[in-house]
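The values are calculated or read from the model by the stated rules, or taken from the named source; none is laboratory data. Note that the structure is a prediction, hence the values are computed from the model and not measured. Ideal geometry is used to build each Cβ from the backbone, glycine not excepted, and the neighbour counts take in all protein chains shown.
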Amino acid sequence: MANNYLMTDINEKGGCHFLGWLEDGKIRLEEVHRFDIKYIPKDNERLGDMEYIFEQIKTGIANCKKLGKLPVLVGLTACDGYFVFIDEDNKVIDNMIFNLELPVNPETFKNNYSAYIERAKCFLMLSDYFNFLLTGNMQCNYTNLLAGGLVSRDTLDWNEDYIEKMGFDKSQFPPVSRPGSVIGNLTLENTEEIGYDFIVLQTLSRQAGAAIFKMSESSGTNTQNNIQSTDNQGTGNLQPAGSDDIADELKSVIGCLCILMITGHDLKDLDAAKACIRNTFYAV
């Protein structure tokens, strides 16, 4: 029986959960949950309701048990470029989410965020924060950090000179992790609430996930294959989906699922993943 893998994808407007598995050499998908982002008004601003988002993340994971399709590995990706400052109590300072605007000017960053940096125990990208809430473990996915210069492309570790110019001390950053790294199991509290335990795996930024799909694209071909979704009754139905019809959200999900499947040994490597994507979504 095929292994099930679960990806949670969150953008500025909403989030979704997709189960993925391999069947006859093709990727099959089933949407198990979707939600809109809620905002809280504060001082003429709209703040993302972090507590609500996390509750929705857990709801989507719990839905897998209701369907009788427990995932062997779970991944999460959220809003490229968005980050938070965490205080000594592991709470988001002032409930604020910020955007790491590119290109990052270290001096400008230091001037804009000095008050937060002084109060912060650590810096986390938004996806890393939600992974922390799930597992209790802090890591930083380097695919979220390369474009901003915080991680060196040579070492794939913190660029210490750069982050110092931004006003940080290296002690304010958790370890850098790579796609396929184990973040950890659920906390006991989350396990009891969701109803089962699993391993949370580091995947990719949304852009990097979509890039895997796009690298597999073949120009001038038309798909004759299918993607599995769910109807309102929760039963699977097959609907045709060509690559031009696939939203960037779904391309990100598929690319990140490939990382889970490679780690779970259902796919040999990235080349095998790209071949599987072509086999699924393009006519041969």
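Summary of computed values
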item: Pick from region 254-272, criterion among the small types (Gly, Ala, Ser) and assigned to a helix (DSSP H, G or I), ranking: nearest to residue 199 (Cα to Cα); result: 255
item: Pair list, Cβ < 9 Å and 6+ apart or interchain, from region 87-104 residues that are within 14 Å of residue 150 (Cβ to Cβ) to residues that are of a type in the set (A, V, I, L, M) and part of a loop (DSSP other than H, G, I, E, B); result: 100/145; 100/147; 100/150; 102/147; 103/147; 104/147; 104/150; 104/166
item: Candidates 115, 120 - the one that is out of contact with any Leu (no Cβ under 9 Å at 6 or more places or on another chain), of a type outside the set (D, E, K, R) and buried (at least 18 other Cβ atoms within 10 Å of the Cβ); result: 120
item: Qualifying residue in region 253-264 (condition: touching a Cys at 6+ places or on another chain (Cβ under 6 Å), on the phi < 0 side of the Ramachandran plot and modelled with pLDDT of 95 or more); result: no
item: Residue 192 being exposed (fewer than 13 other Cβ atoms within 10 Å of the Cβ), modelled with pLDDT of 90 or more and not hydrophobic (A, V, I, L, M, F, W, C); result: yes
item: Within region 1-45, tally of residues that are surrounded by fewer than 12 Cβ atoms within 10 Å (Cβ to Cβ), at pLDDT 90 or above and over 20 Å from residue 251 (Cβ atoms); result: 2
item: Hits in region 45-84 (condition: over 20 Å from residue 207 (Cβ atoms) and either in a strand (DSSP E or B) or free of Cβ contacts under 8 Å to residues at least 12 places away in the same chain (or both)); result: 45, 46, 47, 51, 55, 66, 68, 73, 74
item: Residue pairs meeting the criteria (Cβ under 7 Å; at least 6 apart or on separate chains; first at negative phi, in region 127-147; second among the hydroxyl-bearing types (Ser, Thr, Tyr) and part of a helix (DSSP H, G or I)); result: 141/127; 144/127
item: Failed condition for residue 18, given (1) assigned to a strand (DSSP E or B); (2) in contact with a Ser or Thr (Cβ under 7 Å, 6 or more places away or on another chain); result: (2)
item: Sole exception among (1) over 20 Å from residue 190 (Cβ atoms); (2) in contact with a helix residue (DSSP H, G or I) (Cβ under 7 Å, 6 or more places away or on another chain) for residue 71, by number; result: (1)
item: Criterion (in contact (Cβ under 8 Å) with a residue 24 or more places away in the chain, outside any loop (DSSP other than H, G, I, E, B), surrounded by fewer than 20 Cβ atoms within 10 Å (Cβ to Cβ) and touching a helix residue (DSSP H, G or I) at 6+ places or on another chain (Cβ under 6 Å)) met by exactly one of 167, 184, 180; result: 184
item: Scan of region 114-131 for residues that are within 17 Å of residue 158 (Cβ to Cβ) and not hydrophobic (A, V, I, L, M, F, W, C), ordered by number; result: 121, 128
item: Check on residue 107, among the charged types (D, E, K, R) and assigned to a loop (DSSP other than H, G, I, E, B); result: no
item: Residues that are part of a loop (DSSP other than H, G, I, E, B), out of contact with any Leu (no Cβ under 6 Å at 6 or more places or on another chain) and either surrounded by fewer than 18 Cβ atoms within 10 Å (Cβ to Cβ) or at positive phi (or both), drawn from region 197-221; result: 217, 218, 219, 220, 221
